[in-house]
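The values are calculated or read from the model by the stated rules, or taken from the named source; none is laboratory data. Predicted model only: the values in this text are computed from it and were never measured. Virtual Cβ from ideal backbone geometry, glycine too; neighbours counted across all protein chains shown. Note: areas computed on protein heavy atoms with side chains; ligands, DNA, RNA excluded. Shrake-Rupley method; radii C 1.70, N 1.55, O 1.52, S 1.80 Å.
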Amino acid sequence: MSDLYWLTDEQMAKLSPFFPKAHGKPGVDDRRVLSGIIFINRNGLRWRDAPAAYGPHKTLYSRWKRWCEKGIFARIMAGLAAEHGERKTVMIDATYLKAHRTATSMAAKKGGGGRLIGRTKGGTNTKLHAVCDSQGRPIDLFITAGQVSDYIGARALLSSLPKVKWLLGDRGYYADWFREALQDKGIRACIPGRKQRKTPVKYDKRRYKRRNRIEIMFGRLKNWRRVATRYDRCPKVFLSAIALAATVIYWL
């Protein structure tokens, strides 16, 4: 089939340093298995519907599940993003991702942290918090339940911000503690104040227009069916799907 996705030699060379070391007998073809995993995630298919060219669907699922639990896909995205270190500007924002009925079991697992699925006016969903560089490429991701404030995501992403000069954000991130935390890190905030403030907040309007790049980033990520609609109950698996999409779209 000509419409199947296959990783190139150059892409495999970028990915291979992040693969876990093999023990015992050699495993199956990494290119075939990873290409199949990408195809399934991009098109939102069931694992049993994987094309025969990618091999047994159980092999694809086993590799996907095992690497998700180890955080391999998130590590790959973070590692490739670190190689293109941003030094000037980053942007922060959040977006809602609709949760499918197969993922909306609201009960928490024993010893777990819950499903990270919340109820809002738009129904059940998960919120993706992200930081991207000046070109709109994701460098850090964090997910919460849909009803959680943007400040929770900002607090979680704050410690991992790179050493840059500017951070762009919308009015949802205007808070004194956040601006002070950025100032302590030597980062200048380009965030407009809330409309109800009596004293207007000065910010670089020309620079702020560049913030549309993170909105474009969210749109491109949502082109992947498994990102736009959450089918996975486990939040770690869902975050791995988002990290895989970000890696293929922006870092390969």
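Of Thr95, Thr120, all but one fail to be within 19 Å of Ile242 (Cα to Cα) and either open to solvent by 20 Å² or more (accessible area, probe 1.4 Å) or modelled with pLDDT of 90 or more (or both); the exception is Thr95. I'd like the residue in region 19-46 that is at pLDDT below 95 and of a type in the set (A, V, I, L, M, F, W, C) and, out of all such residues, is nearest to Trp251 (Cα to Cα). So the residue we want is Phe19. A single entry from Arg63, Arg48, Arg32 fulfils the requirement of being exposed (fewer than 15 other Cβ atoms within 10 Å of the Cβ), assigned to a helix (DSSP H, G or I) and free of Cβ contacts under 8 Å to residues at least 60 places away in the same chain: Arg48.
Being in contact (Cβ under 8 Å) with a residue 12 or more places away in the chain, open to solvent by less than 30 Å² (accessible area, probe 1.4 Å) and of a type outside the set (Phe, Trp, Tyr) is the requirement here; does Gly172 meet it? Steps first, please.
Values: in contact (Cβ under 8 Å) with a residue 12 or more places away in the chain: yes; open to solvent by less than 30 Å² (accessible area, probe 1.4 Å): yes; of a type outside the set (Phe, Trp, Tyr): yes.
Yes.
With respect to the conditions (1) open to solvent by 30 Å² or more (accessible area, probe 1.4 Å); (2) under 22 Å from Arg230 (Cα atoms), Ile40 lacks only one, and its number is (1). Summed over region 175-203, the residues that are part of a loop (DSSP other than H, G, I, E, B), at pLDDT below 90 and not aliphatic (A, V, I, L, M) give a count of 10.
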